[in-house]
Amino acid sequence: MTGIRAIDAVVNIWTPEALAGRPDRTGFYTSKMRVKREIFEGMSLKDMIARMDAAGIEKAFLIAAKVGRLGHPACYHVDYRLVADAVQAHPDRFYGLAGLDPTEGMRGVRELSRAVTEYGFIGAHFYPHWFELLPDHAKWYPFYAKCVELDVPVQLQVGQSMVYDPSYPLRSVGRPITLDAVACDFPELKIIGIHVGIPWTEEMIAMAWKHANVFIGSDAHSPRYWPDSFKHYIRSYGQDKVIFGTDFPVLDFGRTMAEIAELNLPEAVLAKFLRTNAQRIYKLDGAGA
């Protein structure tokens with residue numbers, strides 16, 4: 001176990017209260033994603049912190065996710081206040097990320113602003129495929145502009161999406177190349193393409209290499225199965241451009257950290273990847289430490 005206190009940049013709040021507002025996808029996650037069934041009973045914040053401690057993870061970014069447009073039984077939104085309360089209860093362990101729904105228009109933009117200015121959230125988060133709107137679609141642009149104004153990063157899923165609900169199949173619209181236009185139009189916006197970009201990891205690496213304001217999140221795919229090009233990027237010319245994440249409970253904290261240890265990254269590279277890159281990008285206390 002490394003002595004570096006990791007920061008997990010992509011974590012789902014998993015309390016019984018949070019799960020009560022979500023559709024039951026236990027079968028999908030246990031079969032397709034191989035998440036343990038008992039996880040779907042939910043867990044307290046105290047239990048989550050205990051799991052983080054056991055894995056060597058000091059802090060986690062909790063997502064107040066907006067998963068599709070409300071009204072369809074496959075879709076749900078996590079109340080911002082649910083995450084805000086968790087952060088307030090454990091300010092030394094959690095930060096909040098505000099989910100985005102482009103169909104909400106300026107109402108959603110104002111909610112994002114409130115989340116940052118009143119609730120202390122440190123960034124935005126969204127899933128392009130849940131709305132079948134490419135990242136460079138005009139409906140996302142007011143949210144990008146507000147993130148620039150608020151000086152907070154935005155993270156979004158890139159790569160293939162799954163069929164989470166057979167009644168709601170969605171196209172994989174998050175090709176990393178679509179970040180090219182966004183990065184050109186918003187050079188001040190810090191953009192994190194999460195989920196590695198698989199199966200278009202080379203595209204994601206190209207975007208992070210081209211644009212100073214584009215970064216990669218390593219979550220949702222087990223390190224043991226990362227493409228060789230991605231592992232090489234982390235340890236070489238991309239060592240300042242990738243941040244650690246699990247997308248818990250998709251990836252278990254402990255197993256993920258154990259698999260990262262198997263990569264045998266140099267200590268300086270590991271510190272950037274697990275901690276200081278996230279500190280710098282999100283302007284957290286201790287940035288550059």
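What 222 nm value per residue comes from the helices of the chain, counting each DSSP H run with n ≥ 4 as -39,500 (n - 2.57) and dividing by all residues, nearest 500 deg cm²/dmol?
So the helix-based figure for the chain works out to -9500 deg cm²/dmol.
Using a Gaussian network model of the chain whose springs link C-alpha atoms within less than 10 Å, name the residue from Ile177, Ile191, Ile63 with the highest mean-square fluctuation.
The residue that fluctuates most here is Ile177.
Report D for segment 119-176 in µm² per second (integer): Stokes-Einstein, Kirkwood Rh on Cα pairs, 4 °C, 1.567 mPa s.
Reported coefficient: 104 µm²/s.
Scan around Val10 for amide H atoms under 5 Å from its own, H built in the peptide plane at 1.01 Å from N, and keep only partners 5 or more places away or cross-chain.
For Val10, the qualifying residues are Phe61, Thr246, Asp247.
If all Cα-Cα distances of the chain are sorted into 10 Å bins from 0 onward, what percent lands in each bin, rounded to whole numbers?
In order of increasing distance, the bins hold 6, 31, 40, 22, 1 percent.
Which whole-number percent gives the relative contact order of the chain, counting Cα pairs below 8 Å spaced six or more residues apart?
19 percent
Per residue of segment 262-273, what does 6.51 cos²θ - 1.76 cosθ + 1.60 with θ = phi - 60° give for ³J(HN,Hα)? Whole Hz please, x for Gly and Pro, Karplus curve as stated.
5, 6, 6, 5, x, 4, 5, 5, 4, 4, 5, 5
Could you give the length gained by full extension between Ser229 and Tyr168, i.e. 0.36 nm per residue of separation minus their alpha carbon distance, to one decimal place?
Once the chain is fully extended between Ser229 and Tyr168, it gains 18.7 nm.
Can you give the charge dipole size of segment 35-120 about its Cα centre, rounded to the nearest 20 debye, using +1 on the beta carbon of Lys and Arg and -1 on the beta carbon of Asp and Glu?
Dipole size: approximately 200 debye.
Take the alpha carbon atoms of segment 27-80, find their center, do the same for segment 144-183, and report the distance between the two centers in whole angstrom.
19 Å
Given H placed on each backbone N at 1.01 Å, which residues far from Gly123 in sequence or on other chains put an amide H within less than 5 Å of it?
Ala98
Quick one: work out Rg over Rh on the C-alpha atoms of segment 20-95, Rh as Kirkwood radius.
0.99
Dipole of the chain (Lys/Arg Cβ +1, Asp/Glu Cβ -1, origin at the Cα centre): which of His232, Pro142, Gly174 lies farthest to the positive side?
Most positive-ward Cα: His232.
Place a +1 charge on the Cβ of each Lys and Arg in segment 1-40 and a -1 charge on the Cβ of each Asp and Glu, then give the dipole magnitude about the Cα centre in debye, rounded to the nearest 20.
Dipole magnitude for segment 1-40 comes out near 200 debye.
With all protein chains present, how much of the accessible area of the chain (probe radius 1.4 Å) comes from carbon and sulfur, to the nearest whole percent?
52 percent
Any chance you could tell me what percent of the C-alpha pair distances in segment 65-149 go past 16 Å?
51 percent
Quick one: putting +1 on the C-beta of Lys and Arg, -1 on the C-beta of Asp and Glu, what dipole do you get for the chain around its Cα centre, in Debye to the nearest 20?
Around 160 debye, computed over the chain.
If you wrap a convex hull around the C-alpha atoms of segment 185-263 and split its volume per residue, what is the figure in Å³?
In segment 185-263, the Cα hull volume divided by residue count equals 90 Å³.
The values are calculated or read from the model by the stated rules, or taken from the named source; none is laboratory data. Here the structure is a predicted model, which is why all the values come from computation and not from measurement. As a convention, Cβ positions derive from the backbone with ideal geometry for all residues, glycine included, and neighbour counts pool all protein chains shown. Remember, those area values only see protein heavy atoms, side chains included, never the ligands or the DNA or RNA. Shrake-Rupley method; radii C 1.70, N 1.55, O 1.52, S 1.80 Å.
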